[in-house]
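A short write-up of the structure that comes next.
The values are calculated or read from the model by the stated rules, or taken from the named source; none is laboratory data. These figures come from a predicted structure and were not determined experimentally. Note: ideal-geometry Cβ built from the backbone for every residue, glycine included; neighbour counts use all protein chains shown. Each accessible area value is taken on the protein alone, full model and side chains, heavy atoms only, with ligands, DNA and RNA left out. Shrake-Rupley method; radii C 1.70, N 1.55, O 1.52, S 1.80 Å.
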Amino acid sequence: SVEGLALAARAAGEGTHFEAFIQSPQVKRKGLLAMLTPEAKEAGPLPFTGVDTTKFTRIRMDGQKTFASLERILTDLNPQLAGIATIMLESLGTDKDPNFNLRKQLFGNLGADFVTVQKEPRGTALADLKSPPVLYLIGSPKPEALLEAVRTVSPVPPTEREFLGRKVFTLQLLPGLGAAPGQKGQMSLSTSGGYLAVSTDTAMLEEFLRGAEGKGKPLGDTPGLAEAAQKIGGYNTGWFAYDNQSETLRLLFETLKKDPQAIEQLLALPVPIPGVDIAALKPLQELADFSLLPPFEGVAKYFGFSVQTTVGTPEGISFKSFLPVPPGLKK
């Protein structure tokens, strides 16, 4: 259904604009392109999201329709594989509860709001840099049912506790997932405000469950953020992302300046994938001596934040980005 592609970039006095457009008429759009088209709903920062957030993404996409689209795509590509996947899905959790139906209780309770919130790493070690605190929120009309479904299909029974009157389940993860190599990570899950909350950082999950208690300035009040969002369609496009490049690059500068060899570990995959050789990136160390990086304060004025939106139109899908001129460079 793709009839054309277009790319555009321009620098103006207010900042730099980027746009990629996929020409795909809505009446013909299907498969992955249809899934990439968000619903035109409010996708701006949620009230609880603090100004200390380094990355934020919110996607208004119908989870049930998306799952149904994935099933259709798999069936079109390989009907036999689709049949095996269906049998596996229908059998999960039935060993614990014969009446359990994963399709109905998990995928059938997905909503149309998916949020990712990331903050600065807890420390300056390389392991902290690779695993910053991240909170995932899955909107649902019945988030408690989602939580119970995850508990049912978990191969290892999760531990359960209460926090401020909310159930919190904790699952053990494989080494390398949400933890430093060789260490076991944990994933905590709970519900609040119409969301299933998932995080490998317990403190961040508990902060979300506290709600507005003890909150500082919200992300939405960041100077220039609302104006920057308007440059690319506003908050009502259904897909909005924010990246505080100044804070993410600060830690990267400091880490590489102290340990230039850390670039290899930073680029390494958390879990080895057959056929993927990260050694091909080693020549980067021969081209650049990261120990010569200046103190970040010397270049901080060149960095600020960026915003991105995805907009679905009858003609196609538009991916827009805007980088406002950093405050340090404004005259």
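Seen through its C-alpha gyration tensor, with square-root eigenvalues sorted a ≥ b ≥ c, the stretch 63-176 comes out prolate because a/c lies at 1.5 or above while a/b is bigger than b/c.
For the stretch 1-145, just say rounded, prolate or oblate: build the C-alpha gyration tensor, square-root its eigenvalues into a ≥ b ≥ c, call rounded for a/c under 1.5, and beyond that prolate if a/b exceeds b/c, oblate if not. Oblate. Each Lys or Arg adds one and each Asp or Glu takes one away; over the other residues whose Cβ falls under 13 Å from the Cβ of Lys320, this sums to +1. Shown in residue order for the stretch 187-196 are the 3J(HN,Hα) couplings computed by the Karplus curve 6.51 cos²θ - 1.76 cosθ + 1.60 at θ = phi - 60°: 10, 10, 9, 7, 10, 5, x, x, 10, 8 Hz (x for Gly and Pro).
For the cross-link pairs Lys217/Lys320; Lys65/Lys217; Lys167/Lys320; Lys119/Lys142; Lys30/Lys167, the ones whose C-alpha atoms lie over 31 Å apart are Lys65/Lys217; Lys167/Lys320; Lys30/Lys167.
The stretch 1-80 and the stretch 105-167 have Cα centres spaced 22 Å apart. Across the protein chains, with a 1.4 Å probe defining accessible surface, the residues Arg58, Arg122 rank Arg122, Arg58 from largest area downward.
Treating only the Cβ atoms of Lys and Arg (+1) and Asp and Glu (-1) as charged, compute the dipole magnitude of the chain about its Cα centre; round to the nearest 20 debye. Write out the running numbers ahead of the final one.
Numbers: 34 positive and 35 negative charges, 84 e Å.
Result for the chain is approximately 400 debye, rounded to the nearest 20.
Assuming a ≥ b ≥ c are the square roots of the Cα gyration tensor eigenvalues, decide whether the stretch 1-80 counts as rounded (a/c under 1.5), prolate (otherwise, with a/b larger than b/c) or oblate. In terms of gyration-tensor shape, oblate. All other residues whose Cβ lies under 14 angstrom from that of Pro133 are scored, Lys and Arg at +1 and Asp and Glu at -1, for a net of -3. Ligands, DNA and RNA left out, the accessible area of the chain computed with a 1.4 Å probe is 59% carbon and sulfur.
The GluC sites (Glu not before Pro) of the stretch 30-122 that meet both conditions, a loop assignment by DSSP and at most 15 other Cβ atoms within 10 Å of the site Cβ, are Glu42.
Can you give the net charge of the other residues whose Cβ lies under 13 Å from the Cβ of Tyr302, counting K and R as +1 and D and E as -1? Neighbour charge sum, excluding Tyr302 itself: +2. For the chain, the 222 nm mean residue ellipticity estimated from helices alone, with every DSSP H stretch of n ≥ 4 adding -39500 (n - 2.57) and the total spread over all residues, rounds to -7500 deg cm²/dmol. Give the aspartates and glutamates whose C-alpha is closer than 14 Å to that of Lys258, dropping any in the same chain fewer than 8 places away, or say none. Straight-distance partners of Lys258: Asp289. In this structure the amide hydrogen of Gly238, modeled in the peptide plane, comes within under 5 Å of the amide hydrogens of Lys41, Ala43, none closer than 5 places in sequence on its chain. Under the rule of at least 5 residues apart or a separate chain, name every residue whose amide H is placed under 5 Å from the amide H of Gly50. For Gly50, the qualifying residues are Leu219.
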